[in-house]
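**Q** Have a look at the structure that comes next, please.
The values are calculated or read from the model by the stated rules, or taken from the named source; none is laboratory data. It should be emphasised that the depicted structure is a prediction, and the values quoted were computed from it without experimental measurement. Virtual Cβ from ideal backbone geometry, glycine too; neighbours counted across all protein chains shown.
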Amino acid sequence: MSKNFDVVVIGGGPGGYIAAIRAAQLGFNTACIDEWKNEKGGPAPGGTCTNVGCIPSKALLQSSEHYEHASHGFAEHGIEVKGLGLNLEKMLGRKNTVVKQNNDGILYLFKKNKVSFFHGRGSFVKGDANGYEIKVAGAAEETITAKHVIVATGSNARALPGAEFDEKLILSNTGALAISEVPKKLGVIGAGVIGLEMGSVWRRLGAEVTVLEALPTFLGAVDEQIAKEAQKLLTKQGLAVNLGVKIGTIKTGKNSVSVEYTDAKGDAHTGEFDKLIISIGRTPNTIGLNAEGVGLKLDERGFIAVDGDCKTNLPNVWAVGDVVRGPMLAHKAEEEGVAVAERIAGQHGHVNFNTIPWVIYTSPEIAWVGKTEQQLKAEGVQYKAGTFPFLANGRARALGDTSGMVKFLADAKTDEILGVHIVGPMASELISEAVVAMEFRASSEDIARICHAHPSLSEATKEAALAVDKRALNF
Ligand code: FAD
Ligand code: NAI
C-alpha cells in the first residue's frame, strides 16, 4: 500500500468519510484516518453521527415511537394489544446492529472507492506547501505523507463545570443512548436538540422526564410560532420543560443525582434523578492533532479557523464539519467535505448556508429552512406569511396524527420563499421540497401551483403556500 497520498483526511465522520470518497472519485490517491473503536477494539468509522449521534438516536426514536403507538396509539385504530412488554436489551441491541451496519457500510465504500483506511489517531508531524507528514498511532505507529490534508475531527459533548460525565449517572449523548434500565426519574439539562430527542425516547419508554433549560424561551432559534406549538405538544405528551432555570450544585449519590436549581421566578428547587443527561451543546475536537506544533490556527472558541471555502491558515490544509464554524449537522459536514474535495481538484464546490435544513426528530417532528419570522422582523424585511394546519389535511387525519402546521414566509414584493417552518408528522421529509424550492429561488406561488399527490402530507405544504396569498382551499 502506498504511504504517499494526494489527500489524507483526518477523521472518518460524515465530513471526513464523504470528503475521502469524493476525493477518490476525483482521481486522487486518498487515505482516511479514524480512531473510533467498536467494543472489540476494531474500526468503527462514521464518527459521532454513526456511533453516538444521528443513527443510534434515530433508531431509538423509532423503536420508542413504535412502543408508544402500541401502548397508546393503536387503540384508536381498533387494534387491541394485550400483554405488551418492553425488552430494552433487545431494543438497544437492535440500535447497536443498525450502528454496525453503518460502520460496515463505510468500510465497504472505502474499499469500493479505493480509499486507504488507517485505524488510529492522526496527528501532524510537520509540513508546508509541498506536503505534510502525518503520524498514525493505532495498533502500530506509522507515518504517511499528503499533499493535501482535510481535518474532520468533529466535536465532543460540552460538560457542565463541576459535573463531569461519568456515563453512569451523569450522561453525555454516549451514555444517554445506552441506559440499560428505563430510569424512573430522568433529568435533562438543556432543552436543545439532544435534550428533546433523548428526553422523548426515555419518556416514551416510561421515564418521568424533567428538562431544565437556561434560556427563558423554548427553542429560541426556531420560528416563534412553531416553537410555541412544539412546546405545547411536547408538554402535553408529558415532557416537563422548565425554562429560565439556573443550575446550581450537582451531586451524585450511589444510584442517584441531585440537581439544585432556581426557576424563572428565582425559587430554589432540588431535583432528584436516577440519571442525568447533560446536553448543553458541543465543543470542537482538536485533541491530539498537534495543531499547535504545525501552527494550525484555532479561533477564540477552539474551532479550526477557516475561510468561506474551508481553507485553514496552512497551505493545502482544509477543515470541515463540526470542528469548524457553522451548524453542527451531519449534512452540513458532508456538503463541506464534497466541496473541499472538489476545490482541491480545481472545481468550484459550493455550500449554500442559507438552505441547510434543520430537523428535530421529536414527535411531531420540527423542521425548518431559511429565515424565521423574528429574523425577518429584525432585518426589516417586508414579508407575507401563510400557515396551514395538519388538522385540515386528509392524509394526516387518516394517519391519526393531525398535530402541527406548515408555515411559509415569502418576500412581500417578489414572493420569493424566505423560510419554511414545519411542526408535524414527517416534517423531516416534507422540508426537502422547501429546500429544493429555495435553492431554485422559487416563489410561494410556484409551490402553490405545483400539483401535489392526494392524499399526502405534502398537500399541507402546497396549502401553506396558497395561504401566503390568502387562498388556501381546504382551510
Ligand atoms: P464527527 O462525526 O464527530 O467525526 C469525527 C471523527 O473523527 C470521529 O470518528 C473521531 O473519532 C475522529 N477523530 C477525531 N480526532 C481524530 C484524530 N486525531 N485522528 C483520527 N481520528 C480522529 N446531525 C444531523 O444532521 N442529524 C441528526 O439527526 C443528528 N443527530 C445527532 C444526535 C446526537 C445525539 C448527536 C451527539 C449529534 C447529532 N447530530 C446530528 C450531529 C452530527 O452527529 C454531527 O454534526 C456530525 O457527526 C459531524 O460530523 P464530523 O464529520 O464533522 O464529525
Ligand atoms: P443545543 O445547542 O441544541 O442545545 C443546548 C441547550 O442547552 C440550549 O437550549 C442552551 O440554552 C441550553 N444550555 C446551555 N447551557 C446551559 C446551562 N448551563 N443550563 C441549562 N441549559 C443550558 O445542543 P445539544 O442539544 O447538546 O446538541 C448539540 C448539537 O448536536 C446540536 O446543536 C446539533 O447541532 C447537533 N444535533 C443535531 C440533531 C439533529 O439534527 N436532529 C440531533 C442532536 C444533536
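**Q** Residue check, Leu409 against (1) of a type in the set (A, V, I, L, M); (2) free of Cβ contacts under 8 Å to residues at least 12 places away in the same chain; (3) surrounded by 14 or more Cβ atoms within 10 Å (Cβ to Cβ), all met but one. Which one?
**A** (2)
**Q** Something else about it: Are any of the residues in the stretch 368-386 within 16 Å of ligand 1 (Cβ to nearest atom) and buried (at least 18 other Cβ atoms within 10 Å of the Cβ)?
**A** So the first thing to find is which residues in the stretch 368-386 are within 16 Å of ligand 1 (Cβ to nearest atom), and the list is 368-369.
Then drop every residue that is not buried (at least 18 other Cβ atoms within 10 Å of the Cβ), which leaves 368-369.
Looking for residues that are within 16 Å of ligand 1 (Cβ to nearest atom) and buried (at least 18 other Cβ atoms within 10 Å of the Cβ), one finds at least one in the stretch 368-386, hence yes.
**Q** Among the residues of the stretch 304-353, write down those that are among the basic types (Lys, Arg) and buried (at least 18 other Cβ atoms within 10 Å of the Cβ).
**A** Lys332, the sole residue that qualifies.
**Q** Right, here's the next one. Which pairs turn up if I take residues in the stretch 265-286 that are farther than 23 Å from Pro183 by Cα and more than 10 Å from ligand 2 (Cβ to nearest atom) and look for partners that are among the aromatic types (Phe, Trp, Tyr) and not in a strand (DSSP E or B) with beta carbon separation below 8 Å, at least 6 apart in sequence or on another chain?
**A** Pro284/Phe303
**Q** Based on what the data block shows, is Val324 in contact (Cβ under 8 Å) with a residue 40 or more places away in the chain and within 16 Å of ligand 2 (Cβ to nearest atom)?
**A** yes
**Q** Next up: State whether one or more residues within the stretch 392-402 are more than 16 Å from ligand 2 (Cβ to nearest atom) and within 30 Å of Val324 (Cβ to Cβ). Talk me through it step by step, then tell me what you get.
**A** Of the residues in the stretch 392-402, the ones more than 16 Å from ligand 2 (Cβ to nearest atom) are 392-402.
Retained after the next criterion (residues that are within 30 Å of Val324 (Cβ to Cβ)): none.
No, every residue in the stretch 392-402 fails to be more than 16 Å from ligand 2 (Cβ to nearest atom) and within 30 Å of Val324 (Cβ to Cβ).
**Q** So, one more: What is the one condition in (1) away from ligand 1 (no atom under 13 Å from the Cβ); (2) under 15 Å from Ala20 (Cα atoms) that Ala152 does not satisfy?
**A** Single failed check for Ala152: (1).
**Q** As an exercise: evaluate Ile277 against (1) outside any helix (DSSP H, G or I); (2) out of contact with any helix residue (DSSP H, G or I) (no Cβ under 6 Å at 6 or more places or on another chain) and give the number of the one condition it does not meet.
**A** Among (1) outside any helix (DSSP H, G or I); (2) out of contact with any helix residue (DSSP H, G or I) (no Cβ under 6 Å at 6 or more places or on another chain), the lone unmet condition for Ile277 is (2).
**Q** For the stretch 336-413, please list each of the strands (runs of 3 or more DSSP E) lying entirely inside it that holds at least 2 residues being of a type in the set (Phe, Trp, Tyr). Quick ask: steps written out before the conclusion?
**A** Working: elements: 358-360, 365-370, 383-389, 405-411.
The strands (runs of 3 or more DSSP E) meeting that bar are 383-389.
**Q** Is the stretch 175-191 home to any residue that is within 15 Å of ligand 2 (Cβ to nearest atom), in contact (Cβ under 8 Å) with a residue 12 or more places away in the chain and surrounded by fewer than 22 Cβ atoms within 10 Å (Cβ to Cβ)?
**A** Yes, that holds for at least one residue.
**Q** Looking at Glu433, Glu429, can you tell me which residue is within 24 Å of the chain's Cα centre (by Cα), surrounded by fewer than 18 Cβ atoms within 10 Å (Cβ to Cβ), part of a helix (DSSP H, G or I) and not assigned by TED's automatic domain parsing to the domain that holds Ala221?
**A** Being within 24 Å of the chain's Cα centre (by Cα), surrounded by fewer than 18 Cβ atoms within 10 Å (Cβ to Cβ), part of a helix (DSSP H, G or I) and not assigned by TED's automatic domain parsing to the domain that holds Ala221 holds for just one of Glu433, Glu429, which is Glu429.
**Q** Only residues in the stretch 8-37 that are farther than 12 Å from His119 by Cα count as the first member; pair them with residues that are modelled with pLDDT under 95 and surrounded by fewer than 24 Cβ atoms within 10 Å (Cβ to Cβ), Cβ under 8 angstrom, at least 6 apart or cross-chain, and list the lot.
**A** Note: pairs meeting the criteria are Asn29/Ser2.
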